[in-house]
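The values are calculated or read from the model by the stated rules, or taken from the named source; none is laboratory data. Keep in mind that this is a model prediction, so the values were computed, not measured. Cβ: placed from backbone, ideal geometry, glycine included. Neighbour counts: every protein chain shown. To get the accessible areas, we keep the full protein, side chains included, count just its heavy atoms, and leave off ligands, DNA and RNA. Shrake-Rupley method; radii C 1.70, N 1.55, O 1.52, S 1.80 Å.
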Amino acid sequence: MTFQEQIKQGIPTELPQPKAYEPNINHAPKRKEILTDEEKKLALQNALRYFNPQFHATLIPEFKKELEDFGRIYMYRFRPDYEMKARPINDYPAKSQQAAAIMLMIQNNLDYAVAQHPHELITYGGNGAVFSNWAQYLLTMQYLSEMTDEQTLVMYSGHPMGLFPSHKDAPRVVVTNGMMIPNYSKPDDWEKFNALGVTQYGQMTAGSYMYIGPQGIVHGTTITVLNAFRKINKSPKGGLFVTSGLGGMSGAQPKAGNIAGCVTVCAEVNPKITKIRHDQKWVNEIHENMDELIERVRKAQENQETVSLAYLGNIVDVWEKFEDAGLKIDIGSDQTSLHNPWAGGYYPAGISFEESNTMMAENPELFKEKVQETLRRHAAEINKHTEKGTYFFDYGNAFLLEASRAGADVMSATPSLGREFKYPSYVQDIMGPMCFDYGFGPFRWVCTSGKPEDLQKTDDIACAVLEEMIQNSPAEIQQQMKDNIQWIKGAQENKLVVGSQARILYADAEGRMKIAEAFNKAIANGEIGAVVLGRDHHDVSGTDSPYRETSNIYDGSRFTADMAIHNVIGDSFRGATWVSIHNGGGVGWGEVINGGFGMLLDGSDDADRRLKSMLFWDVNNGISRRSWARNEGAIFAIKRAMEAEPNLKVTLPNLVDDSLL
């Protein structure tokens, strides 16, 4: 069968041959056993409902074994034989070009060069899934191949509920992931209900089909690293940045360090993902011997090299041995997947990677003890370094939150509302007041032609738009504009593309609308092919996360999730091609609600109308909330937005004289 025929077939009418487990692939760790015997039967019933009863006798023992061996039913037998990658949009069998764009984005999320655990349909973060099993993938792609512009596909935590009558201005796909009743949103609830096959963890851009590889966070990480060095009044040249995590989005850190111009040491315990990042040239060198690493760091500092060094081992060893060696760490952070601490997101020190994976599945209570013991050691070493001048920040991965739950010494001696920890979230100190409050966030686009020359043209278009805009930009956002122009000019030389021909650029509402409008005109003129617009959920308006995206909200509302819900509802009737809303993402299940969108630009007048309506709301929704929280930059930004758009009328806060209080 051709690729197109396989897509249109959906779930095969005849059973494909079983597929051998491929040990060379980076697989998800075995999940702990959490289901009762009755619940295991239910999990099997839930999985088998995708298949004709004539196959059940064959599939029951196979799926039962998957549940026993991996803690989940992935349905490996049904993994497609064709190469998983984003193809040019015209290669997809589709009645709707919008549906074809979504198929392209789904396959990009599962590309072996992009996905962390491709055979388990996990894109990043250890558990950020596009689907829970391969039947869901096959059925979703079939529905998309059949869809017209008068239908909407409803996605129910990975499960394609079906095609429903709709209209051309409605989203083609509506996605929810993990939207639990609040009292059932603890980590073990995810383990249980995911194992039953009734919900999934979509992370942020995994379950919304908008992941573009580590590039998606390189820009934000670069801005963070640059400004962290600015906060200590030191040039990145010869400066030392120590962090951990090379899987998924955390793999962006060494590349960001290189762009910033410092020496980066990034620890990672998984040898497969370390090799992948080295092969992709996202990290310059791999070191396994600590003494050799220390000497290499000294040399790099002395020569003011720009270099990224991966240490294949535990991050705690790096902090401890660097302390013993008297190495000065200038800035430090952590980007392991601590939103998922008990299932592969963070590994204990002193135990091998393989032993840890076994313990995680077979003795989860001991594994949890070892992880928390390591977190206490980790935090204690960070405290020693910060006493000597290291600037440490939480990179929004729940490091401080989980360290505090482990009893580590990370709490502030003088806590205040929103400043409970010794160390700030990077959003509190950098991204919030500098970017989000002013409306700057991770706007992104994908060239559906798959042509590098189209990406180059879009880079040129975006740069031209920004250079024109900066001429009349107010002083308050000049630095942001300059940083973005510098970024887009250097985007090609930094070889950021992994998977699809995609780009990320921090821009405000005005910039996003003008860039998108220019793209749409170029498409209409035949200069480039169709373009998919999107963004990271980690943005001005898309995410309510009290320890990350909304950590610089100090009016008490950072624990509310109204903004994310408003965001996705508003996007859906203002012209998005698809919308998504998730529980979890970045900082953990039950800790955050986040929403996103995708929009196809096809050069039409309809696309021009939709982009202006939707992008304006998508950003200003969040600025409005941030201004009501009395954030100074957001008050400035929303007043400016109201001057530009007479139909925008936002309630502004009245400020109270502190002396009266």
For Lys234 and Glu632, extending 7 Å from Cα along the Cα-Cβ vector and measuring point to point gives, in nm, a value of 2.7
Amide H neighbours of Gly238 at under 5 Å, excluding residues fewer than 5 places away on the same chain, with H built from the backbone geometry, are Val263, Glu305
Per the Kirkwood formula over distinct C-alpha pairs, the hydrodynamic radius of the chain in angstrom is 25.1
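Which pairs, out of Lys231/Lys299; Lys64/Lys281; Lys272/Lys514; Lys95/Lys521, put more than 30 Å between their alpha-carbon atoms? If you can, show how the numbers build up before the last one.
On the way: Lys231/Lys299 25 Å; Lys64/Lys281 40 Å; Lys272/Lys514 42 Å; Lys95/Lys521 24 Å.
The answer is Lys64/Lys281; Lys272/Lys514.
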Taking a label point 7 Å from the Cα of Leu661 along Cα-to-Cβ, the residues of segment 548-578 whose backbone nitrogen sits under 15 Å from it are 553-558
For segment 315-424, averaging the sequence separation of alpha carbon pairs under 8 Å that lie six or more residues apart and dividing by its residue count, the contact order in percent is 30
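Stretched out fully, how many nm does the piece from Leu42 to Lys649 gain, at 0.36 nm a residue minus the Cα gap?
On the way: separation 607, 0.36 × 607 = 218.52 nm, distance 5.17 nm.
So the extension gain works out to 213.4 nm.
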Rounded to the nearest 0.05, FRET efficiency between Asp460 and Asn363 (Cβ-Cβ, R0 41 Å) equals 0.15
Normalised Cα Rg of segment 574-622, dividing by 2.2 N^0.38 Å with N its residue count, works out at 1.39
In whole percent, the fraction of accessible protein surface over the chain that belongs to carbon or sulfur atoms, probe radius 1.4 Å, stands at 50
Between Ile60 and Asn303, the two model label points (7 Å from Cα along the beta-carbon direction) sit apart by a distance in nm of 6.6
If each part is reduced to its alpha-carbon centroid, segment 235-299 and segment 397-451 end up apart, in Å, by 21
The chain accessible area per residue, 1.4 Å probe, protein heavy atoms, integer Å², reads 37
Given 398-404, 456-462, 7-13, the highest-first ranking by average Cβ count within 10 Å works out to 398-404, 456-462, 7-13
Net charge (Lys, Arg +1; Asp, Glu -1) of residues whose beta-carbon lies under 12 Å from that of Leu48, Leu48 excluded, is +2
For the pair Arg609 and Ala475, the simple spin-label estimate (label points 7 Å beyond Cα toward Cβ) gives in nm 4.3
In debye to the nearest 20, the charge dipole size for segment 129-283, taken about the Cα centre with +1 at each Lys and Arg Cβ and -1 at each Asp and Glu Cβ, equals 980
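In deg cm²/dmol, rounded to 500, what helix-only [θ] at 222 nm does the chain give when every DSSP H run of at least 4 residues adds -39500 (n - 2.57) and the total is split over its residues? Could the numbers behind the result be given before it?
Details: 20 runs with 266 residues, N = 661.
Dividing the helical sum by the residues of the chain leaves -13000 deg cm²/dmol.
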Using the Kirkwood formula on alpha carbons, the hydrodynamic radius of segment 434-531 in angstrom works out to 13.7
Using a 1.4 Å probe on heavy atoms of the protein chains only, the accessible area for Glu527 in Å², nearest 10, reads 90
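For a quick check of your reading of the filter: which trypsin sites (Lys or Arg not before Pro) in segment 310-405 sit in a DSSP loop and have no more than 14 other Cβ atoms within 10 Å?
Working: sites: Lys321, Lys328, Lys368, Lys370, Arg376, Arg377, Lys384, Lys388, Arg405; in loops: Lys328, Lys388.
In loop regions of segment 310-405 (DSSP not H, G, I, E or B), the sparsely surrounded trypsin sites (Lys or Arg not before Pro) are Lys328, Lys388.
Taking every pair of distinct Cα atoms and averaging 1/r, then inverting, what Kirkwood hydrodynamic radius in Å comes out for segment 457-603? Don't skip to the end; give the middle numbers.
Numbers: mean 1/r = 0.0592 Å⁻¹.
This gives a value of 16.9 Å.
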